[in-house]
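Trainee: There's a structure below that I have some questions on.
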Amino acid sequence: MLDCDTYDPSNLTRQCLGSIEDVGKRKVDAAAENIKCHNIRSEIETIHLDALAHWDEVVKIARKCTVLFNGIDLGAMWDYCVCSLAKELGIPYVAGQSYDWMFNVEYYSGNPAKICAWCAEAKSAEEWLTNQFRTHFGFGGDLKYVKQRLEDFMKSREKKVLDEYLLVEFLRVDKEKFKMYGPTVPKLVSEALGKVIKARKVAGPKKELEIDELAAFLEALMFGAVNLLLPGSISKLSEVQFIPHPSHVETRFVGSWVCPCLAAGCIMVSQFANALTGRKEDSGDPPCNITFNLGWGQTVEEKGYQDTAKMVRAGIFPTDSLDSITEERPRASSPAKTHCMLCSSARKVQASMEEG
């Protein structure tokens, strides 16, 4: 078990491996102690560690594992890091999260030829990368808000030009979208700014960024950062503090509670057990994604089918609108998408190892 947090009173409404007596203690230590009454033969190792700052230690630990369960809440780019590492190592990746009355669980085999959490249809690798990550790097629909915050930041610093230093500082302090820091960020910023300057129609000595070039800069920043996180590279990094991991609303403020949280944990383990020992008719091939709403008492897929069927019967939707819902859902054995850079990079790693 790996985490860097301590027990807070608010955790007690959502977690069962800690009690009032554990408030203030390291979560991994409290969990290990309280699980003893259920443990028969398992050996429990606890690691209290900042996973972003000490990613190299995470990699060392992962190399000893046969599955990675991801429950650390650091945002989508953290999930990408863990998924990429699992793909490079060829081991299953299982993730879970809860929100309000809902929980979501994902399972992926880790096989380079099979689907991953980031597989999506695209016409090229570049299109795949842009479609998947532009929102996380601020040049999607949030661009105007990022630009406004950047302008406000420049005014607060009494600066009129955007040089490398100011860009690095903005990415560090902007907690709504970025909160990117660490020794890798200055290099990424320098490379991204260099690409923007090189692409200018009018060459010159100017080394600063114009505010209207922000989208191009963020896109270049995205390409640089995501390429570092691909299989083959992800295991060589010492830290991943440079990923966008913006602050978010604390779970206790959005109504999450013990039932969806524990259900997610149980289904995470169940999915892995299914893959290992699934019944013959199921072929040990669990679905890649399960989203269950406790308020509805059913999965999101079931609810969507019912709602769409009602629309069809009412003549609002055409009959063929049911086709997209009744299509076979992705399972662990589903093939990887053609232009998924994560999967293609994992296949290159695998081929290199086989040749070596």
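Trainee: Quick one: in region 33-60, of everything that is in a helix (DSSP H, G or I), at pLDDT 95 or above and open to solvent by less than 80 Å² (accessible area, probe 1.4 Å), which residue is farthest from residue 14 (Cα to Cα)?
Mentor: Going residue by residue through region 33-60, those that are in a helix (DSSP H, G or I) are 33-34, 55-60.
Within this subset, residues satisfying the condition of being at pLDDT 95 or above are 55-60.
Filter once more, keeping what is open to solvent by less than 80 Å² (accessible area, probe 1.4 Å): 55-59.
Values: 55: 27, 56: 30, 57: 28, 58: 26, 59: 29 Å.
Checked region 33-60; the qualifying residue farthest from residue 14 (Cα to Cα) is 56.
Trainee: Note down all Cβ pairs under 6 Å where the first residue falls in region 280-295 and is within 15 Å of residue 107 (Cα to Cα), the second is part of a loop (DSSP other than H, G, I, E, B) and at pLDDT 90 or above, and they're at least six residues apart or on different chains.
Mentor: What qualifies is 285/332; 285/333; 286/332.
Trainee: Could you tell me whether any residue of region 61-70 is more than 24 Å from residue 184 (Cα to Cα), part of a loop (DSSP other than H, G, I, E, B) and touching a Pro at 6+ places or on another chain (Cβ under 9 Å)?
Mentor: yes
Trainee: Take residue 26 and decide whether it is open to solvent by 50 Å² or more (accessible area, probe 1.4 Å) and modelled with pLDDT of 95 or more.
Mentor: On the way: open to solvent by 50 Å² or more (accessible area, probe 1.4 Å): yes; modelled with pLDDT of 95 or more: yes.
When the stated conditions are applied, residue 26 passes them.
Trainee: For region 152-175, check the following and say yes or no: at least one residue is open to solvent by less than 90 Å² (accessible area, probe 1.4 Å), more than 28 Å from residue 52 (Cα to Cα) and not hydrophobic (A, V, I, L, M, F, W, C).
Mentor: Yes, region 152-175 contains at least one residue that is open to solvent by less than 90 Å² (accessible area, probe 1.4 Å), more than 28 Å from residue 52 (Cα to Cα) and not hydrophobic (A, V, I, L, M, F, W, C).
Trainee: Pull out all pairs, ordered by first then second residue, where Cβ-Cβ is under 8 Å, the residues are six or more apart or on different chains, the first lies in region 343-354 and is closer than 18 Å to residue 81 by Cα, and the second is outside any helix (DSSP H, G or I) and β-branched (Val, Ile, Thr).
Mentor: Taking only residues 6 or more apart or on different chains, the pairs are 343/115.
Trainee: Any idea which of (1) assigned to a helix (DSSP H, G or I); (2) at pLDDT 80 or above is the one residue 309 doesn't satisfy?
Mentor: Condition not satisfied by residue 309: (2).
Trainee: Do you know which of the residues in region 70-87 that are within 21 Å of residue 263 (Cα to Cα) and modelled with pLDDT of 95 or more is surrounded by the fewest Cβ atoms within 10 Å (Cβ to Cβ)?
Mentor: Once the filter is applied, the top-ranked residue is 79.
The values are calculated or read from the model by the stated rules, or taken from the named source; none is laboratory data. Predicted, not measured: the structure shown is a model, and the values here were computed from it. Positions of Cβ are generated from backbone atoms using ideal geometry, with glycine treated the same way; all protein chains shown enter the neighbour counts. Areas reflect the complete protein model, heavy atoms only, side chains present, ligands, DNA and RNA absent. Shrake-Rupley method; radii C 1.70, N 1.55, O 1.52, S 1.80 Å.
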